[in-house]
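The values are calculated or read from the model by the stated rules, or taken from the named source; none is laboratory data. Here the structure is a predicted model, which is why all the values come from computation and not from measurement. Here the Cβ is made from the backbone with ideal geometry for all residues, glycine too, and neighbour counts use every protein chain on show. With ligands, DNA and RNA removed, areas are computed over all heavy atoms of the protein, side chains included. Shrake-Rupley method; radii C 1.70, N 1.55, O 1.52, S 1.80 Å.
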Amino acid sequence: CPLLRRSHIQINDAKENPSGRCLRAVRFFTGDMRQCGEWVKRQVLIIQLLDGILRGTAQVMFVSNPVSGLLILTGLFLQNPWWALNSLLGTFVSTVSAILLRQNRSDAIFAGLHGYNGTLVGMLMAAFSSKGNWYWWLLFPNVFMSMLCPVISSALSSIMSKWDLPIFTLPFNILTCLHIAATGTTHPYFPEVCINDSLANLSIPQLFLSVPVGVGQVFGCDSPWTSCLVLLALLLCSPAICIHALLGSTAGLCTGLALAAPLEDVYAGLWGYNSALSCIAIGGVFYGLTWQTHILSLICALFCAYVTSATSKLMSVLALPACTWPFCLSTLIFLLLSSENPAICRLPLSAVSYPEENRHYLRHLRMSEKALSRHFVFLRERERDCVNVLKGRKKKTKKNRPNAAKLFLWAGRMNVACCDSLHPARSVNSIQELLSGA
């Protein structure tokens, strides 16, 4: 029997190639773990909520992977259990609030897109508190501010959607600055430092260590072990994201040294985290990953470091932290860039994923556009023949007469399809459906 023979061959191949099984197991935990997400959708709400919380923690770094979120949470507990507890509470409250408010996209809720701002709000409120660890009264404003995250996100999305732009961490910036400004200047931020610090006491080992620490500072953590776990989580989902995070942190470090920034801030990674986020966003997440967008991401990271310096000085007048305002401002500017270079292609928000998946999406989109152009030329020729038939310039054969009306109809539909396919928001599946129907 062919089926039995085929299954027997597959069993033998599985026994003879254990490396293939290991490779499939590794692929299951990389990327966005889509198979796991499909399985979670069929489970009870508690399991879906747990998956959404882990993905929301990882979404701070543009990663939708629950295993990556678990690694990041482990690193946060290594840094400070109280901070990690507040970040976990913020993610939970923000996700549950989005469910109760019945946000339009349920997939976005369980993908963590309504939880990452709550993660940062809870984490940074605990980090900026002057009361220290285990001050339980802090949980009340944490719950309240995290509950407002979906409200601010929904309001900003209704505005940003007109330009098909993401809201990034703007809700976190607004709510955190609002809380700190409302509670006074007793938080331990912006201490007295020597602005004219010299490079004479520059430590090369600490300088190299500040590159991964700059990535960990996205969560407000200065522990090298936490930073290494964050980088491991990024590497598990997407090597491109991990590389761009390190490059962005390095760009911020170099800019801080060039601007004679205090060495304490440079060693703590405070010059790297905004640039790391900007480099990730431009380098393959919201743009298709090419060498042109790779260079553009490095330029954005350097520009973000300059914005960080200016924003920090302006915010210090109000005794407020810079948070991720520099990242939001600089990245939005680069996303509004208009270019006729086909290699610099911004993806629609509905198609944004990790860089490797984005390249796959753009490759299929270009293949579909080429197929559409070939069909368009063919239908133009047949349309011209039909026009000639109807005008009597050609002999009305039995073959041409009954197909004339149908060809006019399909010519019009394919003309619309070709025009729509030039817009990046056109779905690959819908284009392929038109081709199959043609």
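Roughly how much of Cys254 is accessible, in Å² to the nearest 10, using a 1.4 Å probe?
Using a 1.4 Å probe on the heavy atoms, I get roughly 70 Å².
Might you work out the accessible area of Phe77 for me, using a 1.4 Å probe with all protein chains in place, and round it to the nearest 10 Å²?
Its accessible surface works out to 90 Å², give or take rounding.
For q = 0.13, 0.19, 0.22 Å⁻¹, what log10 I(q)/I(0) does region 21-129 give under the Debye formula with an equal point scatterer on each alpha carbon and no solvent?
Calculated log10 I(q)/I(0) at the listed q: -0.46, -0.90, -1.13.
Would you work out what percent of the accessible area of region 245-388, with all protein chains in place, is carbon or sulfur (probe 1.4 Å)?
Details: 4130 of 6230 Å².
Ligands and nucleic acids excluded, carbon and sulfur give 66 percent.
With each label point set 7 Å from Cα along the Cα-Cβ vector, what nm distance links Ile333 and Trp163?
1.2
Accessible surface of Tyr306 in the full protein assembly, 1.4 angstrom probe, to the nearest 10 Å²?
Solvent-accessible area, nearest 10 Å²: 130 Å².
Taking θ as phi - 60°, what are the ³J(HN,Hα) couplings along region 34-40 by the Karplus curve (6.51, -1.76, 1.60), each to the nearest whole Hz, with x for Gly and Pro?
The phi angles translate into 5, 5, 5, x, 5, 5, 5 Hz.
Which net charge results for the neighbourhood of Cys237, defined as the other residues with beta-carbon distances under 14 angstrom from its beta-carbon, given Lys and Arg at +1 and Asp and Glu at -1? Don't skip to the answer; put the middle values down first.
Details: positive: Arg27, Arg34, Arg55; negative: Asp32, Glu356, Glu357.
With Lys, Arg at +1 and Asp, Glu at -1, the net is 0.
Please list Lys162, Lys313 in order of solvent-accessible area, largest first, computed with a 1.4 Å probe with all protein chains present.
Values: Lys162 160, Lys313 140 Å².
Final ranking, largest accessible area leading: Lys162, Lys313.
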